[in-house]
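Asks: Mind looking over this structure? Questions follow.
The values are calculated or read from the model by the stated rules, or taken from the named source; none is laboratory data. Since the structure is predicted, the reported quantities are computational estimates derived from the model, not experimental observations. Counting neighbours? That spans all protein chains shown, and the Cβs are built from the backbone with ideal geometry, glycine included. The protein model used for the area step is the full one, side chains on, heavy atoms only, and it has no ligands, DNA or RNA in it. Shrake-Rupley method; radii C 1.70, N 1.55, O 1.52, S 1.80 Å.
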Amino acid sequence: MSVVLAGGGTAGHIEPALAVADALRRLDPRIPLTCLGTERGLESRLVPARGYDLALIPPVPLPRKPTTQLLSVPGRLAQAVRAAGDVLDRTRAQVVVGFGGYVATPAYLAARRRRVPIVVHDANVRAGLANRIGALFTRHVFTAHPGTKLSHATCIGIPIRKEISGLNRLAMADKAREHFGLRPDLPVLLVTGGSQGARSLNLAVLDAADDIRAAGVQVLHLLGPRSGLEVHLPPTGPPWVTLPYVDRMDLAYAAADFALCRSGALTCAELTTVGLPAAYVPLPHGNGEQRLNALPIERAGGGLIVDDAALSPRWICEVLLPVMLDTQLVAGMSEAAARLGSRGVDDRLAAVVMNIIAGRPARSHAARGR
């Protein structure tokens, strides 16, 4: 048996792939697993750190608008498909599991040519181009949202690694706060722009630092690995911990009472699964999918949405801090968020893959539910 997983670029593609890899490894520790990636993606660090083989292929980003760069796409795509095909041949892959991103399209095309079965998972409300292509080649198509338009799609949620899906946030709170040097007796705001950080979030929060600390709120501030910011705050007042990146997001979630964050699909899925309420700041560009990711959470009462342009120190002081300091309101939002969480998706997708390898048809109802 051999499985190739294709999901690279950002944590939103990589982490679901690694969650499924973990689930496959639990089912059969001997199964060879290979992750496709590019040398410039986060997978170059995350995949080896989780103990999986990483095979690199050339990235093939598609321009969002018609430009002269489109002329180079066919040649670069052909090169990437050949590289992906070499990996499938070398590993004798029996299934390709794709999660979108730069590496998924070459993997799907290479698998199609070799008649290797394909499994597609899309985490976004609006499916990406790679997964729209992959869904044409298989009936094993799964989505995180019921409204995602993909052929043959079944909605199952997002695969999340067990460290997070099995997290008891309240039971771990004191240990997590000690890990980050935070006090156990004051509320904690987690600020994160995702795997790459977010400059607008960083600047708004730092500009409101005096008011946040005056309100008795601690901050666990994940700046992003390339923020370029040097934070110098007075040593007096509640702790303000700044870090470029955190590998143990389970501990970050356990330490927090509330989050201020982007609303990528993985972030929304993880926060609802652990029951952490948040103020979501959708990316101000793209196709609007981040707002769509957060809308069900806001409507259920598990979070707030604030436009990037409206995020300001004043909004933080007048809206966010009063919410955070209302313990009953936060508790209710936590319960509302948790009702939207999804667990066991990693195991269900792993079962689909193993059934394909064994030559058994996957039961359609086995992947339903959240």
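Asks: Give me the angle, in degrees from 0 to 90, between the Cα long axis of helix 265-274 and the longest principal axis of the Cα atoms of the chain, rounded to the nearest 10.
Replies: With rounding to tens, the tilt is 60 degrees.
Asks: All other residues with a Cβ under 15 Å from the Cβ of Ala255 taken together, and with Lys, Arg as +1 and Asp, Glu as -1, what is their net charge?
Replies: -3
Asks: Still on this model: How much space per residue, in cubic angstrom, does the convex hull of the C-alpha atoms of the stretch 1-151 take up?
Replies: 106 Å³
Asks: Given the Cα atoms of the stretch 211-255, and with Rh set as the inverse mean 1/r over their pairs in the Kirkwood sense, what is Rg to Rh to two decimals?
Replies: Here the Rg-to-Rh quotient is 0.99.
Asks: Go through Pro117, Leu36, Pro59 and say which Cα lies farthest out towards the positive end of the charge dipole of the chain; charges sit on Cβ, +1 for Lys and Arg, -1 for Asp and Glu.
Replies: The one lying farthest along the dipole's positive direction is Pro117.
Asks: Next up: Using the alpha-carbon atoms, what tilt in degrees (0 to 90, nearest 10) does helix 169-180 show relative to the longest principal axis of the chain?
Replies: For 169-180 against the chain, the angle is about 80 degrees.
Asks: Mind running the shape call on the stretch 166-247? Use the C-alpha gyration tensor, a ≥ b ≥ c as the square roots of the eigenvalues: rounded below 1.5 for a/c, prolate if a/b tops b/c, oblate otherwise.
Replies: Here the stretch 166-247 falls in the oblate category.
Asks: In addition: Under a 1.4 Å probe, what is the accessible area of the stretch 11-56 per residue, stated in Å²?
Replies: I get 42 Å² per residue for this part.
Asks: Could I ask something else about it? Which of Ala254, Ala107, Ala17 ends up with the largest GNM mean-square fluctuation for the chain, with Cα atoms connected below 10 Å?
Replies: Comparing Ala254, Ala107, Ala17 in the GNM, the peak value goes to Ala254.
Asks: Further, regarding this structure: Provide Rg over Rh for the chain; use the alpha carbon set for both Rg and the Kirkwood Rh (inverse mean inverse pair distance).
Replies: 0.98
Asks: Let me ask you something else. 7 Å from Cα along Cα→Cβ at both Ala214 and Arg343: what's the point-to-point distance in nm?
Replies: Rounded to a tenth, the inter-label distance reads 4.2 nm.
Asks: Right, next: Assuming R0 = 45 Å, can you tell me the calculated FRET efficiency for the pair Thr236 and Arg25, based on Cβ-Cβ distance, to the nearest 0.05?
Replies: Here the calculated transfer efficiency is 0.40.
Asks: Might you report the magnitude of the Cβ-based charge dipole of the chain about its Cα centre, with Lys and Arg at +1 and Asp and Glu at -1, to the nearest 20 debye?
Replies: Around 1880 debye, computed over the chain.
Asks: What does the charge dipole of the stretch 129-215 about its Cα centre add up to, to the nearest 20 debye, if the Cβ of each Lys and Arg holds +1 and the Cβ of each Asp and Glu holds -1?
Replies: Dipole size: approximately 560 debye.
Asks: Now for a separate question. How large is the helix-only mean residue ellipticity at 222 nm for the chain, computed as the sum of -39500 (n - 2.57) over DSSP H runs with n ≥ 4, divided by its residue count, in deg cm²/dmol to the nearest 500?
Replies: One gets -12000 deg cm²/dmol as the mean residue ellipticity at 222 nm.
Asks: Probe radius 1.4 Å, ligands and nucleic acids ignored: give me the carbon and sulfur share of the accessible area of the chain as a rounded percent.
Replies: The nonpolar share, carbon plus sulfur, comes to 52 percent.
Asks: Another question, if that's okay. Run the Debye formula on the Cα coordinates of the stretch 157-208, all scatterers equal and no solvent, and tell me log10 I(q)/I(0) at q = 0.16, 0.18, 0.26, 0.31 1/Å.
Replies: -0.72, -0.87, -1.04, -1.09
Asks: If amide hydrogens are placed 1.01 Å from N in the peptide plane, which non-local residues have theirs closer than 5 Å to the one on Thr143?
Replies: Under 5 Å from the amide H of Thr143: Asp122, Thr154, Cys155, Ile156, Gly157.
Asks: Per 0.36 nm of contour for each residue apart, how much would the distance between Leu129 and Leu186 grow if the chain were fully extended, relative to their Cα-Cα spacing?
Replies: Stretched fully, the Leu129-Leu186 segment lengthens by 16.0 nm.
Asks: From a point 7 Å beyond the Cα of Arg92 in the direction of its Cβ, which residues of the stretch 22-54 have a backbone N at a distance under 20 Å?
Replies: Backbone N within reach: 25, 28-36, 53-54.
Asks: Let me ask you something else. Within the chain, what is the longest stretch that has no GluC sites (Glu not before Pro) placed in a DSSP loop and near at most 12 other beta-carbon atoms within 10 Å?
Replies: Between exposed loop sites, the widest span is 40-229.
Asks: Between rounded, prolate and oblate, where does the stretch 97-169 land on the alpha carbon gyration tensor, with a ≥ b ≥ c its root eigenvalues, rounded for a/c under 1.5, else prolate if a/b exceeds b/c?
Replies: prolate
Asks: Using only Cα atoms and rounding to the nearest 10 degrees, what angle (0 to 90) does helix 289-300 make with the longest principal axis of the chain?
Replies: Helix 289-300 and the main axis of the chain meet at about 60 degrees.
Asks: Under a Cβ-only charge scheme (Lys and Arg +1, Asp and Glu -1), can you give me the dipole magnitude of the stretch 218-293 about the Cα centre, in debye to the nearest 20?
Replies: That gives the stretch 218-293 a dipole magnitude of about 160 debye.
Asks: Can you run the Rg to Rh ratio on the stretch 284-347? Use alpha carbon positions and the Kirkwood inverse-distance Rh.
Replies: My calculation puts Rg/Rh at 1.04.
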